[in-house]
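Notes follow the structure.
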Amino acid sequence: MTQSRWNGDRADTYDQAWKRMEQAGQNPHGEVDFVMGFEPTSVLDAGCGTGRVALELDRRAVHVVGTDLDEQMLAVAAAKAPHLTWVASDLATLNLDQSFDVVVMAGNIVLFVAAGTEAAVVAGAARHVGPGGHLVAGFGLGRGVTADEWEQYLLDGGLEPTARYSTWSGDPFSDAASYLVSVSQRR
Ligand SMILES: C[S@@+](CC[C@H](N)C(=O)[O-])C[C@H]1O[C@@H](n2cnc3c(N)ncnc32)[C@H](O)[C@@H]1O
């Protein structure tokens, strides 16, 4: 059975934190703002959860597909946006037979995959990056995956790491950073 370290029982309450953020006047769409910098026409939201990122991309007229292995999370996403395509799959084995301008992995995905599957998950996401396209991902550091390990997974998946930031706002990365926003490209 496909597994991860994510607890799908959180599906019903997962969106509340983002709603609180919005109500407090903060921007819950930093990832989408960042992704839009690549001017994509198509995006794969890899590990889409309840569809927070995918829905906002759709709102901004980007063709988006969401995929996640947790059916409870996907059910919440599909209920919010039945017109979008939601694919239940482990990223490690995903094969959509389609590539995208950007594959985005928002929300610590690599920290929640089943232990030992990190390289396969990144390779699965990388398979869906089209020629010249980008994979962008953000996750907390000091929680099991280092920036160097992450970039080795990218290289093994055929992508070239091109930039590191410490926030989705594009703040510079340093060795003291507690968060990595990584950009890589299929040359
Ligand atoms: C913290 S949530 C992030 C959801 C969404 N990207 C967001 O930012 O709102 C992490 C998600 O990673 C998904 N996940 C974990 N391992 C996965 C895998 N191997 N393949 C696909 N999705 C996975 C979980 O099911 C969960 O929905």
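Laboratory data are not the source of any read-out in this text; all were calculated from the coordinates shown. Everything quoted here is computed from the prediction, not taken from an experiment. Cβ sites come from the backbone with ideal geometry, for glycine too, and all protein chains shown count toward neighbours.
Below 14 angstrom from the Cβ of Glu71, what's the summed charge of the other residues (Lys, Arg +1; Asp, Glu -1)?
Residues close to Glu71 contribute a combined charge of -4.
Charges only on Cβ, +1 for Lys and Arg, -1 for Asp and Glu: so what's the dipole of the chain about the Cα centre, in debye to the nearest 20?
220 debye
In what sequence do His83, His134 fall when counting other Cβ within 10 Å, fewest first? Each step should come with its number before you reach the end.
Details: His83 6, His134 23.
Ranked by crowding around the Cβ, least crowded first: His83, His134.
Can you tell which of Ala77, Ala147, Ala17 shows the greatest fluctuation in a Gaussian network model of the chain with Cα springs below 10 Å?
Ala17
From the helices alone, meaning DSSP H stretches of at least four residues, give me the mean residue ellipticity at 222 nm for the chain, per-run term -39500 (n - 2.57), in deg cm²/dmol to the nearest 500.
-8500 deg cm²/dmol
For the chain, set up a Gaussian network in which alpha carbons nearer than 10 Å are linked by springs, and say which option among Met73, Met21, Met105 fluctuates the most.
The residue that fluctuates most here is Met21.
What Kirkwood hydrodynamic radius do you get for the chain when you take the inverse of the mean 1/r over all pairs of distinct Cα atoms, in Å?
Here the Kirkwood hydrodynamic radius works out to 16.4 Å.
Can you tell me which of Asp68, Asp171, Asp97 moves the most in a GNM of the chain? Springs connect C-alpha atoms under 10 Å apart.
It is Asp97.
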